[in-house]
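Colleague: For reference, the structure I am asking about is given below.
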Amino acid sequence: MAAPAGRALAGRDRRRQTGPVTGIVRASVRVEGVVQGVGFRPFVYSLATRLGLAGWVGNDVDGVFAEVEGAAACVKQFLGLLETQARRRPASRAACR
């Protein structure tokens, strides 16, 4: 059955604009090098928590990996602080996706 003329399907007004984009972004991070046994994973967790980000963090033989999600500005700040901390540790480097 066709919708009556001038009426949108499912009761929605076609002229209605969508709301603003939420600004939520996600980033995957890997820090490789000497990050084992120095409390880097707890540092990543506390930094993300302080900035109000959601996600997870873990470690393997190559280093620490994390995925964070939240407001774009907070994720950007997180990545900047994380890179700064990684540079302070010998033979460490951060990679973000």
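Rule-based calculations on the coordinates, nothing more; no lab input. Keep in mind the model is a prediction, meaning the values are calculated, not measured. With ideal geometry, Cβ positions are generated from the backbone for all residues, glycine too; neighbour counts draw on all protein chains shown.
Colleague: What is the extension gain from residue 26 to residue 73, computed as 0.36 nm multiplied by their sequence separation minus the C-alpha to C-alpha distance, in nm to one decimal?
Modeller: Residue separation times 0.36 nm, minus the Cα-Cα distance, leaves 15.8 nm.
Colleague: Sort 54-62, 69-77, 40-48 by packing, meaning the average of other beta carbons within 10 Å per residue, with the highest value first.
Modeller: The packing order, highest mean first, is 40-48, 69-77, 54-62.
Colleague: Per-residue HN-Hα couplings for segment 60-73, Karplus 6.51 cos²θ - 1.76 cosθ + 1.60 at θ = phi - 60°, whole Hz, x for Gly and Pro?
Modeller: So the J values, rounded to whole Hz, are 9, 5, 8, x, 10, 10, 8, 9, 10, 9, x, 4, 3, 5.
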